[in-house]
Every structure is written in structure tokens, then in C-alpha cells.
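Report on the structure given below.
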Amino acid sequence: NAGVTQTPKFRILKIGQSMTLQCTQDMNHNYMYWYRQDPGMGLKLIYYSVGAGITDKGEVPNGYNVSRSTTEDFPLRLELAAPSQTSVYFCASSYGQGGTEKLFFGSGTQLSVL
Amino acid sequence: GENVEQHPSTLSVQEGDSAVIKCTYSDSASNYFPWYKQELGKRPQLIIDIRSNVGEKKDQRIAVTLNKTAKHFSLHITETQPEDSAVYFCAASMNTGFQKLVFGTGTRLLVSP
């Protein structure tokens, strides 16, 4: 199993540009999440999904959108990039049943908005 | 909503010493408390977790304690080794299964040989 795969690893955007961060998992996990990690601030939940076709907002959803058309994929869309969105983005997944709460994280995307 | 505070922000110890990281949470309904380790440039990985019906859990050199009354939980690492150097995050959640975790701000642990 590859686990959770994120692309790209690094990206520089200009203010106002758009992009999609890709995330896919091959563990047949029900639950998927997007977090952002700012220096010294821990991980903040942006959006999450409990299954295909179901998404909901986390703590910091403004400026982002998501979709979950399949169990495997959970892309994160930035429509109008702003400097405040400079961060490291982590996708994660969990099985979520039978007490299996462990989050499996992707390797992260370092995004700079200039 | 839930708020998790973590202390200290940095911790330096000598190899072989013990390290303790403390977290407090605000919502008494929280019932699941994991700890994640993030090595430099790597992804976070779960190292240990505890549920609210348990007061302590151990896994080799790592232990976590939970005080529900005081709403705090701690990570204890004994006989620290240089490879323990990393950032450690505590988190809290009201749910099991689906994890709407609230993370602490992290503790950078440096273990010197």
C-alpha cells in the first residue's frame, strides 16, 4: 500500500491564482481530512469527509473548497490564493470504525503565496 | 468549541533523561486523546493514544496519563534517545471513529547525546 499520497510537494502561487492539491489513499478508509500547519500553531482542520459525496467544514474553511466523488480521492481547491494561505498542507485518512481512530497523514504540500 | 493548550513549547534534555509534555483541554465531553510525533520535514505519526475511561497507558518508553477531573493529560518519555528529537503534538476529540481533532501547538523536544 502507498498509504496517503499528496501532490504536489511544493508550489509557489501568485496572489489571486487558483490551484488544486491532490490527495488519494489506497487503504479504503472512510474518513479523510485536510489540515494546514502554520509555524508554532499546530494543525488546523480545514475540511473533512466521512464518505464519498459527504463533506463538511472544519475550523478554518474560508478560502478553500473540497469534493469527495470517490472513496480514494479528496482534492482541496484554493480559488483565489492569498498570502494568509501560505502554509504546509496535510491530507489524512482514517478507517473510523471499530475504534480505529489512527490518522494516516500524507507527506505534505508546502505552499507559498507571493 | 474545544481548546487544547500544550506546554512547554520547547524542551531540551540530555540523553537518558525523562521528558514530560503537558496538555490541557477545555471541553469535558472530549473522550479521545492521541499524541503525534513529527520529525523534521516528515509527516505526523501517531505514537500513543488514550481514551477517557483509562487513566494511564504505556508502550515501552512512552506513557500517557489522563486526569479527567483536571482536564489535563501528559506524555512521558523515559530513557530519552537522540531519535526521540521531534515535535510532539497532543490532541483531543469528542468522537471516536471520526476524528474531529483539535491539536495543541506542539512541543519541540531536543535530546542531546
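No lab work stands behind these numbers, since they all come straight from the coordinates. Just so we're clear, the structure is a prediction, and the values are computed from it rather than from any experiment. Here the Cβ positions follow ideal geometry from the backbone for every residue, glycine too, while neighbour counts run over all protein chains shown.
Assorted remarks:
- Straight-line reach from B:LYS71: taking Cα to Cα under 18 Å and skipping same-chain neighbours fewer than 8 places apart, the aspartates and glutamates in range are B:GLU2, B:GLU5, B:ASP27, B:ASP49, B:GLU56.
- The eigenvalues of the Cα gyration tensor, multiplied by 5 and square-rooted, give the range A:32-88 an equivalent ellipsoid with semi-axes of 21, 13, 9 Å from largest to smallest.
- This model, with +1 at the C-beta of Lys and Arg and -1 at the C-beta of Asp and Glu, gives the range A:24-95 a dipole about its Cα centre of some 140 debye.
- Between the range B:38-113 and the range A:1-66, the C-alpha centres lie 23 angstrom from each other.
- Convex hull per residue volume in Å³, alpha carbons only, for the range B:22-102: 95 Å³
- Think of each Lys and Arg Cβ as +1 and each Asp and Glu Cβ as -1; about the Cα centre, that makes the dipole of chain B roughly 320 debye.
- Distance cut-off 23 Å, percentage of C-alpha pairs in chain A lying past it: 22 percent
- Footprinting exposure proxy for A:LEU80, B:LEU11 (fewest neighbouring C-beta atoms within 10 Å first): A:LEU80, B:LEU11
- Around the Cα centre of the protein assembly as shown, unit charges on the Cβ atoms of Lys, Arg, Asp and Glu (plus for the first two, minus for the last two) sum to a dipole of about 360 debye.
- Put simply, the amide H of B:ASP27, placed in the peptide plane, has neighbours under 5 Å in B:ASN3, leaving out anything fewer than 5 places away on its chain.
- Between B:PRO8, B:ALA86, B:VAL54, the Cα set farthest toward the positive side of the dipole of chain B (charges on each charged residue's Cβ, about the Cα centre) is that of B:VAL54.
- Candidates B:GLY41, B:GLY55, B:GLY16, ranked by Gaussian network fluctuation over chain B, Cα under 10 Å, top entry: B:GLY41
- For chain B, a Gaussian network of Cα nodes joined below 10 Å ranks B:SER18, B:SER30, B:SER85 by mean-square fluctuation, and the top entry is B:SER18.
- Translational D in µm²/s for the protein assembly as shown (Stokes-Einstein at 37 °C, 0.692 mPa s, Kirkwood Rh from C-alpha pairs): 182 µm²/s
- In this structure, the pairs whose alpha-carbon distance is over 30 Å, taken from A:LYS9/B:LYS68; A:LYS14/A:LYS57; A:LYS14/B:LYS22; A:LYS44/B:LYS22; A:LYS57/B:LYS37, are A:LYS9/B:LYS68; A:LYS14/B:LYS22.
- Among the residues of A:52-59, the average count of other protein chain beta-carbon atoms within 10 Å of the residue beta-carbon is 1.
- Look at the stretch A:102-112: the mean tally of other chain Cβ atoms within 10 Å of its residues' Cβ atoms is 3.
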